[in-house]
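Here's the structure, in structure tokens; my notes come after.
The values are calculated or read from the model by the stated rules, or taken from the named source; none is laboratory data. Since the model is a prediction, treat every value here as computed from it, not as a measurement. Positions of Cβ are backbone-derived with ideal geometry, glycine not excepted, and every protein chain shown enters the neighbour counts. We work out accessible area using only protein heavy atoms, side chains counted, and drop any ligands, DNA or RNA first. Shrake-Rupley method; radii C 1.70, N 1.55, O 1.52, S 1.80 Å.
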Amino acid sequence: MNIQLIISGQAKQSQATERVWRTICEDMGLSLQIINSENETGRSLAKKLNLRTLPALIVDGRVIAVGQPDTISAKKILRDL
């Protein structure tokens, strides 16, 4: 499973969202790739997926969640995959 989180620079919301997803993925033994929308890879992926809201969680090329989830919601999202 390829899990990616696209964040928007160093915004506080992006950093908080990254902490939530990183913690949940580590607890579940999953690998998480962080991609910044301010670099070419991030811009290209956001454009390809037609993202208008960041941060966004992408699993196997599909947008699974946008915005900042709480820990309980994040766990449920990943368990349901």
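Quick check on the chain: of the DSSP beta bridges with both residues there, what percent are antiparallel, nearest 5%? If I count the DSSP bridges inside the chain, around 60 percent turn out antiparallel.
Please sort by residue number the GluC sites (Glu not before Pro) in the chain whose DSSP state is loop and whose Cβ has at most 13 other Cβ atoms within 10 Å. It would help to have the intermediate numbers written out before the result.
Details: sites: Glu18, Glu26, Glu38, Glu40; in loops: Glu38.
Sites meeting the loop and neighbour criteria: Glu38.
Placing unit charges on each Cβ (+1 for Lys and Arg, -1 for Asp and Glu) gives the chain a dipole about its Cα centre, and among Ser31, Met1, Leu54 the Cα reaching farthest toward its positive end belongs to Leu54. Under a cut-off of 20 Å between alpha-carbon atoms, report the aspartates and glutamates in cross-link reach of Lys47, not counting same-chain residues fewer than 8 places apart. Partners found: Glu38, Asp60.
Counting only Cβ charges, +1 for Lys and Arg and -1 for Asp and Glu, the dipole size of the chain around its Cα centre is about 220 debye. Give me the log10 of I(q) over I(0) for the stretch 9-81 at q = 0.19, 0.22, 0.25, 0.26 Å⁻¹, as the Debye formula computes it from C-alpha points; what are the numbers? Values returned for q = 0.19, 0.22, 0.25, 0.26 Å⁻¹ are -0.77, -1.04, -1.31, -1.39. Principal axis analysis of the Cα atoms in the stretch 1-51 yields extents of 30, 27, 15 Å, listed in decreasing size. Calculated accessible area for the chain comes out at 62 Å² per residue, all protein chains present (probe 1.4 Å; ligands, DNA, RNA ignored).
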